[in-house]
Amino acid sequence: MIYQVDISPEALDMLMKHVTFLARVSRDAAEKLRDEFKTHVQSLSQMPHRCPWLEGEYFPYRKYHKLIFGERYAIIYQVDEEAAVVHVDYVIDFRTEYSLLFR
């Protein structure tokens, strides 16, 4: 089955903040991050269930998956089987403000 991938405006905004911050240090690194995001998001249309569940006391049981990319970033998404849609909800840097998500 092929899934449609829907990226929320909030997730795009989060990605752009990370890319903009990284571009201050290295334009090449920022472009690499953007390209890796694009590659990984496109891969979700083929195999969205390959990534582990996002688990924790603050998250609904088995609602969100996490896809790690670029060494310290994660795409947080959910899969709507009935509509065959992957909803990308967040793009986070888990080394900083979101480390609690990955215990």
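Derivation of every value follows stated rules applied to the coordinates shown; laboratory data play no part. Predicted, not measured: the structure shown is a model, and the values here were computed from it. Positions of Cβ are generated from backbone atoms using ideal geometry, with glycine treated the same way; all protein chains shown enter the neighbour counts.
Axis angle, to the nearest 10 degrees, between helix 9-23 and the longest C-alpha principal axis of the chain: 30 degrees.
Rounding to the nearest 10 and keeping the result within 0 to 90°, find how far the Cα-based axis of helix 27-43 lies from the longest principal axis of the chain. Helix 27-43 sits at roughly 10 degrees to that axis. Stretching Arg27 away from Met1 to a fully extended chain increases their span by 5.7 nm, per 0.36 nm per residue minus the current alpha-carbon distance.
Using R0 = 25 Å, the C-beta based FRET efficiency linking Ser8 and His49 works out to 0.80. Give me the tail of P(r) for region 4-102 as a percent: Cα-Cα pairs with distance above 24 Å. Cα-Cα pairs in region 4-102 separated by more than 24 Å: 19 percent.
For the chain, averaging the sequence separation of C-alpha pairs within contact (under 8 Å, six or more residues apart) and dividing by the residue count gives a relative contact order of 32 percent.
Applying the Karplus relation 6.51 cos²θ - 1.76 cosθ + 1.60 with θ = phi - 60° to region 77-84 yields 3J(HN,Hα) values of 8, 10, 10, 9, 5, 4, 8, 6 Hz, where x marks Gly and Pro.
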